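See structure below.
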Amino acid sequence: RSRVLSGIQPSAGSFHLGNYLGAVRQWVALQESHDAFYTVVDMHAITVPQDPDTLRANTRLSAAQLLAAGIDPERSALFVQSHVREHAELAWIMNCLTGFGEASRMTQFKDKAAKQGAEGTTVGLFTYPVLQVADILLYQAHQVPVGEDQRQHVELTRDLAERFNARYGETFVVPEAYILKETAKIYDLQEPSAKMSKSAASPKGLVNLMDEPKATARKIKSAVTDTETEIRFDRENKPGVSNLLGIYSNLTGVTVQALEEKYAGKGYGALKTDLAEVVVDFVTPFRDRTLEYLDDPATLDKILASGAEKAREVAAPTLAAAYDKVGFLRPL
Ligand code: TYM
């Protein structure tokens with residue numbers, strides 16, 4: 001069986017609809033056919049300031065949401081990144097193979113550094129993508145299910161795997177990004193040319209899965225559209241309506257074309273009212289299941305411990321092989 005690995009940051013607490021449609025839903029599907037490794041990346045989270053107690057709570061909350069979304073801990077290794085120390089260790093080796101210029105070209109780094117300012121930008125933020133490379137290579141993952149915004153990091157992973165293999169001999173699987181066209185990028189409801197993101201300018205454009213379903217319905221109903229009346233998918237000229245159609249289609253399985261036919265001659269209000277119901281029908285049970293998992297932290301922690309154990313079984317021999325290849329003396 002081929003392997004998949006992916007990760008999600010716990011920093012925002014609640015996942016948003018972009019996380020779910022762009023990534024987590026694929027994680028759930030892929031665990032049927034692949035050996036799957038899914039991790040809550042708390043080490044990535046601290047590349048920007050975090051309150052320790054909040055980080056701990058959000059790490060559990062993230063794991064609970066992954067279980068609620070359908071990650072099956074019997075089938076997948078669901079673990080917390082900091083529980084598997086091999087990630088930090090392989091990241092060091094990868095840091096030593098990464099060009100300074102190469103890392104400087106990472107667009108997510110440039111965006112985040114601009115937000116943090118010169119003094120707030122840490123070296124950790126700069127090498128963030130290299131830690132992600134280690135996450136992926138440790139598990140010899142063939143596929144990495146992510147949204148479009150992570151493509152460049154997976155490309156870097158491929159480059160570093162090839163570089164290591166060329167320099168030291170065949171060691172790492174060269175992975176591929178697994179990005180579905182329909183959900184590669186979910187857009188902000190208020191600013192439909194920008195991706196939906198936890199760092200959005202206004203919270204009104206962001207659909208948090210853990211928000212009160214009523215608040216979410218209101219956000220959908222006040223989504224930005226355009227001054228026309230026609231319900232038609234046209235990313236270029238009608239980004240708002242296209243985003244709503246995309247979300248609708250992806251949550252229900254009804255094609256965009258069928259939706260265009262269904263809403264022919266109807267107004268944006270009808271589309272938004274129906275979509276609000278679709279989204280509420282999705283988030284309500286999701287949220288309830290998440291809260292149930294959170295209610296029993298002991299069980300949650302056990303699931304994470306067993307996930308970390310499964311992860312270590314794969315990560316440890318990969319790291320040992322890399323240590324040998326680079327010429328580290330084996331300790332007695
Ligand atoms: P993160 O935590 O920002 O996002 C988790 C996943 O959600 C996807 N995503 C989106 N997809 C579609 N539309 C959107 N608007 C949208 N917003 C977010 C992301 O692409 C991602 O797949 N660096 C990663 C975490 C990470 C990782 C890894 C991923 C760490 N190690 C190893 C894969 C493999 C991140 O910050 O994702």
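Across segment 249-254, computed HN-Hα scalar couplings (Karplus, 6.51 cos²θ - 1.76 cosθ + 1.60, θ = phi - 60°) run 4, 5, 7, 10, x, 7 Hz from first to last residue, x flagging Gly and Pro. Backbone geometry of segment 290-298 corresponds, through the Karplus equation with coefficients 6.51, -1.76 and 1.60 at θ = phi - 60°, to 3J(HN,Hα) couplings of 4, 5, 5, 4, 5, 5, 10, x, 5 Hz, x marking Gly and Pro.
When the pairs Lys181/Lys262; Lys181/Lys219; Lys195/Lys238 are compared against a 19 Å limit on Cα-Cα distance, Lys181/Lys262; Lys181/Lys219 fall above it. With bins 5 Å wide beginning at 0, the percent of Cα pairs of segment 57-138 falling in each bin runs 3, 13, 18, 16, 18, 16, 10, 5, 1. Each principal axis of the Cα cloud of segment 143-263 was evaluated for its coordinate range; sorted largest first, these ranges are 60, 30, 24 Å.
Would you grab the residues whose amide H sits under 5 Å from the one on Asp234? Only those 5+ places off in sequence or on another chain, please, with H modelled 1.01 Å from N. Sorted by chain and number, the residues that satisfy this are Ser242.
Compute the orientation-averaged projected area for segment 61-109 from the convex hull of its Cα atoms and round it to one decimal in nm². Its Cα hull, projected and averaged over all orientations, spans 5.3 nm².
Roughly to the nearest percent, how much of the accessible area of segment 195-270 is carbon and sulfur, given a 1.4 Å probe? All intermediate terms of the calculation are to be shown ahead of the outcome.
Working: 2020 of 3890 Å².
After summing per-atom areas, the C and S share lands at 52 percent.
Translational diffusion of segment 269-332 was estimated from the Stokes-Einstein equation, with Rh taken as the Kirkwood radius over Cα pairs; at 4 °C and 1.567 mPa s the coefficient is 80 µm²/s. So for segment 188-250, Kirkwood radius off the Cα pairs, Stokes-Einstein at 37 °C and 0.692 mPa s: how many µm² s⁻¹? In µm²/s, the coefficient is 273.
What do you get for GluC sites (Glu not before Pro) in segment 225-284 restricted to DSSP loop and a cutoff of at most 11 other Cβ within 10 Å of the site's Cβ? Don't skip to the end; give the middle numbers.
Values: sites: Glu228, Glu230, Glu236, Glu260, Glu261, Glu277; in loops: Glu228, Glu230, Glu236.
Answer by residue number: Glu236.
What's the local net charge at Ile186, with K and R +1, D and E -1, over the other residues with C-beta under 14 Å away?
Working: positive: Arg25, Lys181, Lys185, Lys195, Lys198, Lys219, Arg235; negative: Glu148, Asp149, Glu182, Asp188, Glu191.
Around Ile186, the charge tally is +2.
Where does the Debye-calculated log10 I(q)/I(0) of segment 1-155 sit at q = 0.18, 0.21 Å⁻¹, using only Cα point scatterers of equal weight, no solvent? Result of the Debye calculation: -1.16, -1.55.
Near Val40: Cβ cut-off under 13 Å, other residues only, Lys/Arg at +1 and Asp/Glu at -1. The net charge is -1.
Mind jotting down a quarter of the surface of the convex hull over the alpha carbons of segment 102-150, in square nanometres, one decimal?
Working: hull surface 15.7 nm².
If you wrap the Cα atoms of segment 102-150 in a convex hull and average its projections, you get 3.9 nm².
Comparing mean-square fluctuations of Thr227, Thr121, Thr299 from a GNM of the chain with C-alpha springs under 10 Å, the top value falls on Thr227.
Once the other residues with Cβ under 11 Å from the Cβ of Asp234 are scored (Lys, Arg +1; Asp, Glu -1), what is the net sum? List each step's numbers first, then the result.
Numbers: positive: Arg232, Arg235, Lys238; negative: Asp226, Glu228, Glu230, Glu236, Glu260.
It works out to a net charge of -2.
How big is the C-alpha Rg of the chain next to the rule-of-thumb value 2.2 N^0.38 Å, as a ratio? Intermediate values should be presented prior to the final figure.
Numbers: Rg = 20.7 Å, N = 332, 2.2 N^0.38 = 20.0 Å.
My calculation over the Cα atoms of the chain gives 1.04.
Keeping every protein chain present and rolling a 1.4 Å probe, give me the accessible area per residue for segment 199-250 in Å². Display every interim value, and only then the final one.
Values: 2480 Å² over 52 residues.
I get 48 Å² per residue for segment 199-250.
The values are calculated or read from the model by the stated rules, or taken from the named source; none is laboratory data. Keep in mind it's a predicted model, so treat the numbers as computed, not measured. We place every Cβ from the backbone using ideal geometry, glycine too, and count neighbours over all the protein chains shown. These accessible areas exclude ligands, DNA and RNA; they are computed on the full protein's heavy atoms, side chains included. Shrake-Rupley method; radii C 1.70, N 1.55, O 1.52, S 1.80 Å.
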